[in-house]
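**Q** Structure provided below as structure tokens; questions to follow.
The values are calculated or read from the model by the stated rules, or taken from the named source; none is laboratory data. None of the values given here were measured: they were computed from a predicted structure. Methodologically, a virtual Cβ is constructed for each residue, glycine included, from the backbone with ideal geometry; neighbour enumeration extends over all protein chains shown.
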Amino acid sequence: SRTKTTTVVRAAKHLYVLAEKILAMDESLPRDWAVHGTTGYDFLAQVNAFFVDPAGEADMTRVYQDFTGDDTPFEELAYENKRLILRIALASELHMLAHRFDRLAQRDRRWRDVTLNALIEALAEVIACFGVYRTYISSGDVTDVDRRYIESAVEKAKARAPRTEPAIFNFIQDALLQRYPDHFDAEARAEQVRIAGKFQQLTSPTAAKGIEDTTFYQYHRLISLNEVGGDPARFGVSPDDLHRFFAERQKHWPHAMSTLSTHDTKRSEDVRARLNVLSEIPDEWRARVTRWREINAGEDPPHPGEAYLLYQTLVGAFPIEAIADDVPASFIERVTAFMMKAMRESKLRSTWGQPDEAYEQRVTSFVERILQSKTFLNDFVPFQKRISRWGMLNSLSQTLLKLTAPGVPDTYQGTELWDLSLVDPDNRRPVDYGMRQEMMKEIESHDASSLAASLDDGRAKMLVTMKSLQARRTHPGLFCDGDYVALLAKGQAARHVFAFGRCNEDVCAAVVVPRLVASRASRTFSTTTIDLPHDWRLRRWKNAFTGSEMSLNAPALNVGKLFAEFPVTVLIARRSPLPPGEG
């Protein structure tokens, strides 16, 4: 819902209101909504894509196409699957909407000859071409943003259906944009508004079922990008893009939720953090999956699409403690359950309504055989362990961004430590909170460097969460409402560092994280620096994770020194400069 005075709601701090709104990557939440922001899928999509290397896009595309034999672009699959959903799941809703348009057409002599079947087909085209989940027309007034979405969809629909009379699309567009003929009375105009409402109620589930619950299970170029609110066709987010997103968030939605995992994500944050590494090493990834296909050729492999999905799933979710000689039976069961759901959701070789049990058994048996194959596992496990290590560094970085960037951080159950869950119901398994409470007590007696040296147990991730939340509690104004300042990295590894500052009248914080860690190779952090604003330099800074203090007289921070004890950094300093003679 909307209100003209959203400041009233935002001022009522005891009432925290969020919108469960899925935004496209280039879509913004309407600023007149009486909410504090979204539940964070937009944050998830931006931050996740930030750890994907755009330089690997062309190679990763070729690997995917060569392995699967499928070169259909994501956008084309999304369009076709929205048409499919309108045909098999939402046909009655589409027909009811077309009937309402038909009755509206009878009120105007220009449109009386338009047939119902033509309306059904044209509406299906427009809905399938819609670039966002929905518009928000509730009266005769149409915002410029909603107008652009509708006009864009109609333009694309015309291009896809050249045999359909353009006038039919014009009629649909005029009706949605509340362009009334002069002779329409109040009731006719009210009906036109209601029709727009029904149209909006249909575009949303069509997108959800057609993209999230179908296309995401068909298109496997890099499955970490197949996430709610994400765009698999957009391969990576640049530092400038992320700075811009954070700055806009601070300006307009400082209390929106920041999340990385939810009950509805396709994969947990730590699974995605691992998979994003593949974008940095496409040549090695090609060599590995090609070898695995050869190794497992005699195991009655499934369709290449399922096989490619499976190999990525294993890289992302393989247990940290597992070794080639001992893959837990519980993990095999989880993977087979995931593959079963993925096959049926994809609607390609099996469906929920008409399952192909023989093919499903073939896939299940293949999973079981290769996860008991020493030949496969001896090649897979060493590679996966390296990916896992880099993925942990990605995870620490994205966790710190969640906790310190503009927004209110949300920690989904179990993600206080490494969480390698897949889609529901896998991500709703019981969580051992007793063990986590004991681990929190233990962490207080360990220094950060020792936790960084033993990443496998997850304590480093818990430390990042604990210490960052403690900093937020100590400096609530800084992280809730403090200014956002983009900080520039310079030097040999500048591309592999991201930094920003938060600042208010009392205190400043500098946040520095690594990214694209696998492709950093020989580029060293020791020659890489972070420029600081001039008035930040004469201060005494404290590292939130290591507890060490430093006085800075130089114009920049040396990244190598920052990461010497722990992989990510938050430095906090009081706003007033050091007294003369100190530092």
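**Q** Among what's in region 127-166 and is surrounded by fewer than 15 Cβ atoms within 10 Å (Cβ to Cβ) and hydrophobic (A, V, I, L, M, F, W, C), pick the residue that is nearest to the chain's Cα centre (by Cα).
**A** By that ranking, first place goes to 145.
**Q** Can you tell me which residue within region 31-67, out of those that are modelled with pLDDT under 95 and not in a strand (DSSP E or B), is surrounded by the most Cβ atoms within 10 Å (Cβ to Cβ)? Steps first, please.
**A** Our first condition is that a residue be modelled with pLDDT under 95; within region 31-67, this holds for 31-34.
So of that shortlist, the ones also not in a strand (DSSP E or B) come out as 31-32, 34.
On the way: 31: 8, 32: 12, 34: 16.
Of everything passing the filter in region 31-67, 34 is surrounded by the most Cβ atoms within 10 Å (Cβ to Cβ).
**Q** So which of 472, 537, 515, 495 ends up being surrounded by fewer than 22 Cβ atoms within 10 Å (Cβ to Cβ), under 30 Å from residue 285 (Cα atoms) and touching a strand residue (DSSP E or B) at 6+ places or on another chain (Cβ under 9 Å)? It would help to see each step written out before you state the result.
**A** Working: 472 fails: under 30 Å from residue 285 (Cα atoms); 537 fails: under 30 Å from residue 285 (Cα atoms); 515 fails: surrounded by fewer than 22 Cβ atoms within 10 Å (Cβ to Cβ).
It is 495.
**Q** Go through region 348-375 and give me each residue that's under 15 Å from residue 302 (Cβ atoms), of a type outside the set (Gly, Ala, Ser) and either assigned to a helix (DSSP H, G or I) or touching a Cys at 6+ places or on another chain (Cβ under 9 Å) (or both).
**A** Residues satisfying the conditions are 357, 359, 360, 361, 362, 363, 364, 366, 367, 368, 369, 370.
**Q** Shifting gears a bit: Scanning for something assigned to a helix (DSSP H, G or I), modelled with pLDDT of 95 or more and not basic (Lys, Arg), does region 407-414 turn up at least one residue? Before the answer, list the steps.
**A** Here is the first cut: in region 407-414, the ones assigned to a helix (DSSP H, G or I) are none.
No, because not a single residue in region 407-414 is assigned to a helix (DSSP H, G or I), modelled with pLDDT of 95 or more and not basic (Lys, Arg).
**Q** Only one of these is in the same structural domain as residue 82 (by TED's automatic domain parsing), among the polar types (S, T, N, Q) and at negative phi: 178, 173. Name it.
**A** It is 173.
**Q** Then there's this: Of the residues in region 194-220, how many are in contact with an Asp or Glu (Cβ under 9 Å, 6 or more places away or on another chain) and of a type in the set (Lys, Arg)?
**A** Of the residues in region 194-220, 1 are in contact with an Asp or Glu (Cβ under 9 Å, 6 or more places away or on another chain) and of a type in the set (Lys, Arg).
**Q** Sticking with this structure for a sec: Checking residue 23 against (1) touching a Ser or Thr at 6+ places or on another chain (Cβ under 8 Å); (2) within 30 Å of residue 287 (Cβ to Cβ); (3) in a loop (DSSP other than H, G, I, E, B), only one condition comes out false. Which one?
**A** Of (1) touching a Ser or Thr at 6+ places or on another chain (Cβ under 8 Å); (2) within 30 Å of residue 287 (Cβ to Cβ); (3) in a loop (DSSP other than H, G, I, E, B), only one is false for residue 23: (2).
**Q** Only one residue in 352, 285 is free of Cβ contacts under 8 Å to residues at least 12 places away in the same chain and of a type in the set (Phe, Trp, Tyr), so which one is that?
**A** 352
**Q** Continuing with the same structure: Select from region 228-258 the residues that are part of a loop (DSSP other than H, G, I, E, B) and under 30 Å from residue 59 (Cα atoms) and list them in ascending order.
**A** Listed by number, the residues that qualify are 228, 229, 230, 231, 232, 233, 234, 235, 236, 237, 238.
**Q** Okay, next question. If I filter region 502-512 down to residues being surrounded by fewer than 20 Cβ atoms within 10 Å (Cβ to Cβ) and not hydrophobic (A, V, I, L, M, F, W, C), which single residue comes out as farthest from residue 248 (Cα to Cα)?
**A** Of everything passing the filter in region 502-512, 506 is farthest from residue 248 (Cα to Cα).
**Q** Another question about this same structure. How many of the residues in region 208-227 are surrounded by 23 or more Cβ atoms within 10 Å (Cβ to Cβ) and outside any loop (DSSP other than H, G, I, E, B)?
**A** 8
**Q** Right, here's the next one. Hey, residue 434 hits all of (1) loosely packed, with under 12 Cβ neighbours inside 10 Å; (2) within 30 Å of residue 340 (Cα to Cα) but one; which does it fall short on?
**A** (2)
**Q** Is it true that residue 451 is closer than 27 Å to residue 563 by Cβ, among the hydrophobic types (A, V, I, L, M, F, W, C) and assigned to a loop (DSSP other than H, G, I, E, B)? Before you say what the answer is, go through the steps one by one.
**A** Working: closer than 27 Å to residue 563 by Cβ: yes; among the hydrophobic types (A, V, I, L, M, F, W, C): yes; assigned to a loop (DSSP other than H, G, I, E, B): no.
No; evaluated as a whole, the condition is false for this residue.
**Q** Next question. Which members of region 236-270 meet the condition of being under 12 Å from the mean Cα position of the chain (by Cα) and surrounded by 18 or more Cβ atoms within 10 Å (Cβ to Cβ)?
**A** Of region 236-270, the ones under 12 Å from the mean Cα position of the chain (by Cα) are 236-237, 258-262, 264-269.
The answer is 236, 237, 258, 259, 260, 261, 262, 265, 266, 267, 268, 269.
**Q** Given the criteria over 27 Å from residue 457 (Cβ atoms) and loosely packed, with under 15 Cβ neighbours inside 10 Å, does residue 294 qualify?
**A** On the way: over 27 Å from residue 457 (Cβ atoms): yes; loosely packed, with under 15 Cβ neighbours inside 10 Å: yes.
Judged against the criteria, residue 294 is a match.
**Q** Would you please name the residue that is surrounded by the fewest Cβ atoms within 10 Å (Cβ to Cβ), looking only at residues in region 540-577 that are of a type outside the set (Val, Ile, Thr) and assigned to a helix (DSSP H, G or I)? Break it down stepwise before answering.
**A** Going residue by residue through region 540-577, those that are of a type outside the set (Val, Ile, Thr) are 540-545, 547-558, 560-567, 571, 573-577.
Checking which are assigned to a helix (DSSP H, G or I) leaves us with 560-562.
Values: 560: 15, 561: 13, 562: 27.
Among residues in region 540-577 that are of a type outside the set (Val, Ile, Thr) and assigned to a helix (DSSP H, G or I), the one surrounded by the fewest Cβ atoms within 10 Å (Cβ to Cβ) is 561.
**Q** Identify, please: which residue in region 176-207 is hydroxyl-bearing (Ser, Thr, Tyr) and under 26 Å from residue 91 (Cα atoms) and is, among those, surrounded by the fewest Cβ atoms within 10 Å (Cβ to Cβ)? It would help to see each step written out before you state the result.
**A** To start, the set of residues in region 176-207 that are hydroxyl-bearing (Ser, Thr, Tyr) comprises 180, 203-204, 206.
Then drop every residue that is not under 26 Å from residue 91 (Cα atoms), which leaves 203-204, 206.
Numbers: 203: 21, 204: 15, 206: 26.
Ranking the qualifying residues of region 176-207, first place goes to 204.
**Q** Out of 259, 214, 206, I need the residue that is among the β-branched types (Val, Ile, Thr) and closer than 19 Å to residue 64 by Cβ. Which one? Lay out the reasoning, then the answer.
**A** Details: 259 fails: closer than 19 Å to residue 64 by Cβ; 206 fails: closer than 19 Å to residue 64 by Cβ.
On inspection, the qualifying residue turns out to be 214.
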